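For reference, the structure discussed in these notes is given below.
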Amino acid sequence: MTFSEIKNKLQNYTVGIAGAGGLGSNCAVSLARTGIGKLIIADFDTIDESNLNRQYYFYNQIGEKKVNALKKNINSINHDTEIIIHDIKLTEDNIPKIFSNCDIIIEAFDVAEMKKILIEAVLSEMKQTPVISGSGMAGWGDNNSLQSRQLENLYICGDEKSNISKTNPPLAPRVAIVANMQANLVLEILLNKK
């Protein structure tokens, strides 16, 4: 498939991204660069200087809402990708409404409880929609531990074991690798769809 053929096919799909931090911002940018048709992004947080070590934001965006800044950044990369943003905290009640028209949903939270809420809501209320989760990306090195696996309509990217701590922080290289693994799985699923 040529890049034009890839873009022509991807422009017909919508991807939901739950969380606009390290995973969500980097995954969204990669998907926009490939020509995805629409992104629906939900997050309620603002950009802090501590986010800049791994998230797709810039120093002059500190203090802005992540969804607003990410929309601007993506529009600077690919103005053909439609961006729908929701400045909202996701709950089990609003997840199915916000992401109802998505072909795939990216789970991009850093809080385990929110990961669980999103995955359970999608798997129970949106049974036909694949969800791609990130788990285990803290620290550095150990590239070979990063992998993806499938459990029916749930896909998990990362090493599934490295927990974030003060001495094992999330850093740009591993976070971006996992975010791009998520984006790559989106392409694999959508480009293989009949």
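The values are calculated or read from the model by the stated rules, or taken from the named source; none is laboratory data. Because the structure is a prediction, the values reported are computed rather than measured. Neighbour counts run over all protein chains shown; Cβ positions are idealised from the backbone, glycine included.
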*Just checking, how many residues over segment 107-139 are in contact with a Lys or Arg (Cβ under 7 Å, 6 or more places away or on another chain) and either β-branched (Val, Ile, Thr) or modelled with pLDDT of 95 or more (or both)?*
2
*Can you tell me how many residues in segment 69-97 are under 10 Å from residue 41 (Cβ atoms) and in a helix (DSSP H, G or I)?*
3
_Hey, residue 89 surrounded by fewer than 18 Cβ atoms within 10 Å (Cβ to Cβ) and closer than 20 Å to residue 115 by Cβ or not_ = yes
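Which of the residues belonging to segment 102-144 are on the phi < 0 side of the Ramachandran plot, surrounded by fewer than 15 Cβ atoms within 10 Å (Cβ to Cβ) and out of contact with any helix residue (DSSP H, G or I) (no Cβ under 7 Å at 6 or more places or on another chain)?
Those that are on the phi < 0 side of the Ramachandran plot, surrounded by fewer than 15 Cβ atoms within 10 Å (Cβ to Cβ) and out of contact with any helix residue (DSSP H, G or I) (no Cβ under 7 Å at 6 or more places or on another chain): 111, 112, 113, 116, 120, 124, 127, 128, 143, 144.
Are any residues in segment 48-84 without any contact (Cβ under 8 Å) to a residue 24 or more places away in the chain and of a type in the set (Phe, Trp, Tyr), and if so, which ones?
Across segment 48-84, the qualifying residues are 58, 59.
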*Which ones in segment 109-138 are closer than 24 Å to residue 170 by Cβ, in contact (Cβ under 8 Å) with a residue 12 or more places away in the chain, in a loop (DSSP other than H, G, I, E, B) and among the hydrophobic types (A, V, I, L, M, F, W, C)?*
109, 137, 138
*Working only within segment 17-61, note down all residues that are in a loop (DSSP other than H, G, I, E, B) and buried (at least 20 other Cβ atoms within 10 Å of the Cβ).*
19, 20, 21, 36, 47, 54, 55, 56, 57
*Working only within segment 56-85, note down all residues that are of a type outside the set (Val, Ile, Thr), under 21 Å from residue 35 (Cα atoms) and under 18 Å from the mean Cα position of the chain (by Cα).*
56, 57, 68, 69, 70, 71, 72, 73, 75, 78, 82
*Quick one: how many residues across segment 156-181 are touching a Gly at 6+ places or on another chain (Cβ under 6 Å) and assigned to a helix (DSSP H, G or I)?*
2
*asked:* The conditions are (1) free of Cβ contacts under 8 Å to residues at least 24 places away in the same chain; (2) within 30 Å of residue 3 (Cα to Cα); (3) crowded, with 16+ Cβ neighbours inside 10 Å, and residue 157 fails exactly one of them. Which is it?
replied: (1)
